[in-house]
Amino acid sequence: MNKELAKQIQEIAGVNPRKCMKCGKCTATCPAFDVMEYHPHQFVDMVEKGKVEELMNSKGIWTCLSCMACIERCPRSVEPARVIEAVRVAVARQQGMDHLKPEQIPALLDEELPQQAITSAFRKYRK
Amino acid sequence: MIMSYFPGCTLKTKGKELDTYGRKAAEALGFTLEELPDWQCCGAVYPMAKDEIATKLSSVRALVAARDLGQDLVTLCSACHHVIKRVNGDMKNDPNMQLKANNYMGLDVPYTGETNVLHYLEVLRDRIGFDVLKEKVVKPLTGRKIAAYYGCMLLRPSKEMQMDNPENPTIMEDFIRAIGAEPVIYAMRNECCGGYVTLENKDFAAKKASAIMDNAKNQGADCVITACPLCMYNLKENGGSDLPVYYFTQLLAEALGVD
């Protein structure tokens, strides 16, 4: 448990996980819930309880599609996508922890891939 | 009517049709999209972290340029619209962002979110009017059944985007009616296509895209329209469907006889 890191994550996210009433609407609406080891409502709970290191090491944070469905549908304005983004950012801001490196990109390209795909992956996955 | 225009990275390359037909249609409808000089890429994803400043500056520069020209700022790409509109909201409502961006940029006149950010669809609805568009149609797409794909970025979060009802939008269906076709309503029109992860998890992106394409087809659509180049790619290349996907501007130009 890391209270200091959890506080930092909450500041970056700009939302208060304690407002969550555990209704599970975020997870019910999440298009990626079944490919994440922790679901959006669990994310919020873990940040509230200070269990952020587990989150930072989980693969699921990179699977969130940033589709904003959980933000839109959260009845308590906890906005789980902001919490997930804050955890991603906390990982990517560490030295050498970029999730996507420039040298990986050429192998991932295909003829039709729009620039937007590369730009957005870069924006989302690295410092 | 002249409006500042932010094309964005993809509309100059893989998404040329969205741009070219959008401009042609604008001229036919009596407004001009004037490309901003020296625009910079918006970054394609809105930086949600509260303490991000530098990653939002390219959007602020575009917003300032439009303000200095005294024009509204129009985008065609859903992602550019999403990023620029939300950054504009931050410049208006977040004192920390406002202070830091202005301090850094050292503008003659500080920027506080004055620019009106419009998506092309909003120009059609709110400035031109769908009724006027309907009158200007020379080749109505009669009999075509079109499924509007909204995706995420045009609608959510609705308190910031303020384009339409996020759960039951009508702007694209009204557009489809205006060009003489029949809109097809299907459940997944505002669900995410998974395009963001296509680079590192193609199978997952394909699964999401197929569900949308299958849903549109099962509801009787003969094509799908979008305003997002990433959705276009994902639905078309990963969606595994024989249903064609077009940019909404392609059909608009067709109906206006300028294709």
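The values are calculated or read from the model by the stated rules, or taken from the named source; none is laboratory data. Only a predicted model underlies this, so the values are computations on that prediction, with no experimental measurement involved. Because the Cβ atoms are built from the backbone with ideal geometry, glycine has one as well, and the counts that use them run over all protein chains shown.
Within the stretch A:99-126, if we keep just the residues that are within 14 Å of the chain's Cα centre (by Cα) and part of a loop (DSSP other than H, G, I, E, B), the residue that is surrounded by the most Cβ atoms within 10 Å (Cβ to Cβ) turns out to be A:His99.
Each row is one residue, and each column tells you yes or no for (1) surrounded by fewer than 20 Cβ atoms within 10 Å (Cβ to Cβ); (2) assigned by TED's automatic domain parsing to the domain that holds B:Ala227; (3) aliphatic (A, V, I, L, M); (4) within 20 Å of the chain's Cα centre (by Cα).
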| position | (1), (2), (3), (4) |
| --- | --- |
| B:Lys100 | yes, no, no, no |
| B:Glu114 | yes, no, no, no |
| B:Arg127 | yes, no, no, yes |
| B:Leu141 | yes, yes, yes, no |
| B:Arg144 | yes, yes, no, no |
| B:Leu154 | no, yes, yes, yes |
| B:Lys159 | yes, yes, no, yes |
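Cβ-Cβ distance below 9 Å, separation of 6 or more or different chains: which pairs start in the stretch B:229-247 with a residue that is outside any helix (DSSP H, G or I) and end on one that is of a type in the set (Phe, Trp, Tyr)? So the pair list comes out as B:Val245/B:Tyr149; B:Tyr247/B:Tyr21. Evaluated against (1) surrounded by fewer than 22 Cβ atoms within 10 Å (Cβ to Cβ); (2) more than 26 Å from B:Lys202 (Cα to Cα); (3) in contact (Cβ under 8 Å) with a residue 12 or more places away in the chain; (4) of a type outside the set (Asp, Glu), A:Val47 falls short on exactly one condition, (1).
For the stretch B:191-237, taking the residues that are of a type in the set (D, E, K, R), touching a Ser or Thr at 6+ places or on another chain (Cβ under 9 Å) and more than 9 Å from chain A (Cβ to nearest Cβ), the one that is surrounded by the fewest Cβ atoms within 10 Å (Cβ to Cβ) is identified as B:Asp214. Does A:Arg88 satisfy being more than 9 Å from chain B (Cβ to nearest Cβ), touching a residue at least 12 places away in the same chain (Cβ under 8 Å) and closer than 30 Å to A:Lys22 by Cα? Judged against the criteria, A:Arg88 is not a match. Counted as qualifying within the stretch B:75-191 are the strands (runs of 3 or more DSSP E) with 2 or more residues that are modelled with pLDDT of 95 or more and over 23 Å from B:Glu27 (Cβ atoms), namely B:145-148, B:182-184. Going by the conditions given, is A:Pro31 in the same structural domain as A:Ala90 (by TED's automatic domain parsing), touching a Ser or Thr at 6+ places or on another chain (Cβ under 7 Å) and surrounded by 18 or more Cβ atoms within 10 Å (Cβ to Cβ)? No. One residue alone among A:Lys3, A:Lys25, A:Lys19, A:Lys49 is among the basic types (Lys, Arg) and within 14 Å of chain B (Cβ to nearest Cβ), and that residue is A:Lys25. Picking from A:Cys67, A:Cys23, which residue would you name as being buried (at least 24 other Cβ atoms within 10 Å of the Cβ) and in contact (Cβ under 8 Å) with a residue 12 or more places away in the chain? The unique qualifying residue is A:Cys67. Checked across the stretch B:44-53, the condition of being modelled with pLDDT of 95 or more, over 15 Å from the mean Cα position of the chain (by Cα) and assigned to a helix (DSSP H, G or I) holds for no residue. Find all pairs meeting these conditions: Cβ atoms under 7 angstrom apart; at least six residues apart or on different chains; first residue within the stretch B:30-54 and away from every other protein chain (no Cβ under 13 Å); second residue among the charged types (D, E, K, R) and surrounded by 16 or more Cβ atoms within 10 Å (Cβ to Cβ). Hits for this filter: B:Leu33/B:Arg23.
Does B:Cys152 meet the test of being more than 14 Å from chain A (Cβ to nearest Cβ) and within 30 Å of A:Leu109 (Cα to Cα)? So B:Cys152 fails the test. The residue of the stretch A:6-16 that is surrounded by the fewest Cβ atoms within 10 Å (Cβ to Cβ), among those that are within 13 Å of chain B (Cβ to nearest Cβ) and of a type in the set (A, V, I, L, M, F, W, C), is A:Ile12. Candidates B:Asp222, B:Asp203: the one that is outside the structural domain of B:Leu11 (by TED's automatic domain parsing), touching a Lys or Arg at 6+ places or on another chain (Cβ under 8 Å) and at pLDDT 95 or above is B:Asp222.
Of all the criteria given as (1) within 14 Å of chain B (Cβ to nearest Cβ); (2) under 25 Å from B:Cys41 (Cβ atoms), the one not satisfied by A:Glu79 is (2).
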